[in-house]
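The values are calculated or read from the model by the stated rules, or taken from the named source; none is laboratory data. Quantities reported herein were computed from a predicted structural model and do not represent experimental measurements. A quick note on method: Cβ atoms are made from the backbone with ideal geometry, for glycine too, and the neighbour counts reach across all protein chains shown. Remember, those area values only see protein heavy atoms, side chains included, never the ligands or the DNA or RNA. Shrake-Rupley method; radii C 1.70, N 1.55, O 1.52, S 1.80 Å.
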Amino acid sequence: MTRTNPIADAMTAMKNAADTGKPDCIVEPASKLLGAMLRVMQEYNYVAGFEFIDDRRGGQFRVQLNGNINKCGAINPRFNVKVDEMEQWETRFLPAKNFGILLLSTSRGVMSHDSARKAGIGGELLGYVY
C-alpha cells in the first residue's frame, strides 16, 4: 500500500480508534515529525502516551488514547502562517476560541499555535486536534 500522507493516515487512525472507544492504536510509519506531533498532543492531554516499536521496516507508534479526542486531522496543503494570521486559521479549523490546538512546524520545532503565538513565531500548519 502506498502512503501519500502519513500524517493524515495517523490522525485518521487515532480518530477512528477514539470513536470506537479503543484504549490504544498503532500508527505507522513512524517519523520524527509524527513523534513531535504526538509529544505536543500528550502535553495538551489529547493522548495519554505513546511508544516507538521497531518493526525493522518504517517503525510504529503505539498511542495510548484517553478519550479526549473529539476530532483531529491533517491540514493539506501545509499553509505558511504568520503570527498575526494565527487567529484566522484558528477560526477556520477549530470549533471555538480556546478549544483545541493547531499543530505547527516552526523553526523551534513542532508546537501548538498558543506556544508559537507566545514565542512570537510563525510556521507551517500540520494538523489540528480538539
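Of the residues 30, 10, the single one that is over 20 Å from residue 71 (Cα atoms) and crowded, with 18+ Cβ neighbours inside 10 Å is 30.
Entry remark, segment 40-49: residues being assigned to a loop (DSSP other than H, G, I, E, B) and open to solvent by less than 40 Å² (accessible area, probe 1.4 Å) number 1 in total.
Looking only at residues in segment 82-123 that are without any contact (Cβ under 8 Å) to a residue 40 or more places away in the chain and of a type in the set (Val, Ile, Thr), the one that is most open to solvent (accessible area, probe 1.4 Å) is 91. Restricting attention to segment 81-123, the residues that are of a type outside the set (A, V, I, L, M, F, W, C) and assigned to a helix (DSSP H, G or I) add up to 12.
Out of curiosity, is residue 78 of a type in the set (D, E, K, R), within 16 Å of residue 128 (Cβ to Cβ), out of contact with any helix residue (DSSP H, G or I) (no Cβ under 6 Å at 6 or more places or on another chain) and not in a helix (DSSP H, G or I)? So residue 78 passes the test. The residue that is most open to solvent (accessible area, probe 1.4 Å), among those in segment 50-81 that are among the small types (Gly, Ala, Ser) and without any contact (Cβ under 8 Å) to a residue 40 or more places away in the chain, is 58.
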